[in-house]
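Read through the structure below, which is laid out as structure tokens, and then see the notes.
Nothing in this text is a laboratory measurement; each read-out follows from the coordinates by a stated rule. Given the structure is predicted, the values throughout are model-derived calculations rather than measurements. Cβ: placed from backbone, ideal geometry, glycine included. Neighbour counts: every protein chain shown.
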Amino acid sequence: EAVALMKLRHLAAETTDGLRVVLQANLEMPRDAAQAVMAGAEGVGLLRTEFLFMNRDDLPDEEEQYETLREIMEGMGGRPVTVRTLDVGGEKLASAISRRHGESANPALGLRAVRLGLREPELMETQIAAILRASAHGPLRILLPMISAREEVEAVRMVIGRVADRLRAQGRQLPDRLPPLGVMIEVPGAALAADTLADVSDFFALGTNDLTMYTLAIDRGDERLAHLYNPLHPAVLRLLQFTIEAARRASIPLSVCGEIAGDPRYAPLLLGLGVRELSMASAALPRVKARIRELCLTEAVDCAAAVMRQHDSATIATLLDGCGANQT
Ligand code: PEP
Ligand code: MG
């Protein structure tokens with residue numbers, strides 16, 4: 001089976017009726033790039049940059065961050081890379097950085113991610129500078145975590161413009177066009193207001209891990225509640241549907257980069273809802289691709305519609321497993 005999956009590497013992720021789906025990798029460490037390429041990733045849909053800040057007391061400077069990003073871009077051999085700005089706070093690295101600003105009573109709802117970057121401009125500007133410099137080495141996009149309001153996106157866009165001016169004044173060669181700026185849709189309010197965010201964003205990345213957690217008010221890391229943590233809950237599915245529709249209306253690309261993207265069981269649902277890009281851990285790529293290659297889009301659309309009318313998880317699972325089953 002492993003051999004069969006490896007052969008898929010050079011085949012397109014295409015349904016039986018010819019819909020081409022883009023499959024990308026989520027990276028957590030620079031060394032993950034090689035594995036992503038090996039597994040056939042068409043790019044990086046989510047580069048988590050927290051690793052740069054982990055297990056150390058000091059902060060990485062612009063040069064260090066730039067060098068690391070450049071290595072990753074080179075590792076990906078010219079494929080597009082989506083770099084997410086620092087997502088600390090909450091369950092991620094209750095780090096020295098966030099502690100400097102005092103403890104939050106509710107860390108998951110506290111000063112984290114972009115909120116922290118806007119409050120501590122030097123932190124964000126250093127990272128943006130490194131990212132802009134790396135963008136000279138290949139196609140790159142900037143992704144903002146934990147966005148809840150348009151104003152945050154607009155504020156970061158200002159920061160990017162300012163940093164680009166500074167770099168150019170220093171004689172750095174930057175591409176004429178600054179990288180596309182996208183947002184993670186992972187807060188329920190962002191999903192419900194996806195149409196207003198689409199106006200100010202160049203692309204969306206659906207973060208179903210946090211979206212499920214915040215929608216259902218269930219800590220994604222709490223083992224005792226794991227049985228209730230369900231990305232197929234109707235509330236989560238409706239938010240996905242609304243967000244996908246908003247992206248389609250605004251004609252901006254959307255990818256799904258939460259764990260559900262890497263689970264082949266969900267492929268018919270996501271494709272049927274209109275998703276055309278998935279980003280996942282490299283190890284999951286071959287299986288998801290194999291599933292997509294046995295699916296028929298028109299059938300997936302019917303299947304997704306049926307799932308949206310269902311409330312029972314067991315029935316939903318049966319519907320999804322049955323989609324395209326008679327094709328093979
Ligand atoms: C998500 O929240 O779904 C996501 C992709 O980001 P992370 O898992 O890094 O929070
Ligand atoms: Mg997240």
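Counting only DSSP beta bridges with both residues in the chain, what percent are antiparallel, rounded to the nearest 5? Present the calculation step by step, with values, prior to reporting the outcome.
On the way: 2 of 27 bridges.
Counting only bridges with both partners in the chain, antiparallel ones make up about 5 percent.
Could the peptides 104-111, 54-61 be put in order, highest first, of the mean number of other beta-carbon atoms found within 10 Å of their residues? Numbers along the way, then the final one.
Details: 104-111: 14.0, 54-61: 10.8.
In decreasing order of mean packing, 104-111, 54-61 become 104-111, 54-61.
Here the sum of -39500 (n - 2.57) over DSSP H runs of 4 or more residues, divided by the residues of the chain, equals -13000 deg cm²/dmol at 222 nm, to the nearest 500.
What do you get for trypsin sites (Lys or Arg not before Pro) in segment 93-187 restricted to DSSP loop and a cutoff of at most 12 other Cβ within 10 Å of the site's Cβ?
Numbers: sites: Arg99, Arg100, Arg112, Arg115, Arg119, Arg133, Arg141, Arg150, Arg157, Arg162, Arg166, Arg168, Arg172, Arg177; in loops: Arg100, Arg112, Arg172, Arg177.
Those satisfying the criteria are Arg100, Arg177.
Peptide packing for 219-225, 134-140, 16-22 was compared via the average number of neighbouring C-beta atoms within 10 Å per residue; ordered from the highest value, the list is 134-140, 16-22, 219-225.
Classify segment 225-284 from the C-alpha gyration tensor, please: rounded if a/c falls under 1.5, else prolate or oblate depending on whether a/b exceeds b/c. Oblate shape, in that a/c is at least 1.5 and b/c is the bigger or equal ratio.
Helix 297-308 and the long axis of the chain differ in direction by around 80°, with both axes built from C-alpha atoms. Taken over segment 122-180, the alpha-carbon convex hull comes to 81 cubic angstrom per residue. Quarter the surface of the alpha carbon convex hull of the chain and you get the mean projected area, 16.8 square nanometres. For the chain, relative contact order (Cα pairs under 8 Å, six or more residues apart, normalised by length) works out to 19 percent. Angle check, please: helix 313-322 long axis (alpha carbons) against the longest principal axis of the chain (alpha carbons), in degrees 0 to 90, nearest 10. Compared with the principal axis, the helix lies near 70 degrees. Within segment 1-145, the proportion of Cα pairs with more than 26 Å between them is 34 percent. Looking at segment 103-193, the GluC sites (Glu not before Pro) that sit in a DSSP loop and have at most 11 other Cβ atoms within 10 Å of their own Cβ are Glu103.
Computed from Cα positions, the angle between helix 234-250 and the longest principal axis of the chain comes to roughly 70 degrees. On full extension, the segment bounded by Gln241 and Leu11 gains 79.9 nm, given 0.36 nm per residue less the C-alpha separation. Listed peptides 303-310, 253-260, 283-290, 195-202 appear in the order 253-260, 283-290, 195-202, 303-310 once ranked by packing, highest mean of other Cβ atoms within 10 Å at the front.
For an R0 of 45 angstrom, estimate the FRET efficiency from the Cβ-Cβ distance between Ala149 and Glu28 and round to the nearest 0.05. Result of the calculation: an efficiency of 0.95.
Run the numbers for Asp302 and Gln173: contour at 0.36 nm per residue of separation, minus the present Cα-Cα distance, in nm.
Numbers: separation 129, 0.36 × 129 = 46.44 nm, distance 4.96 nm.
Taking 0.36 nm per residue and subtracting the Cα distance, the gain is 41.5 nm.
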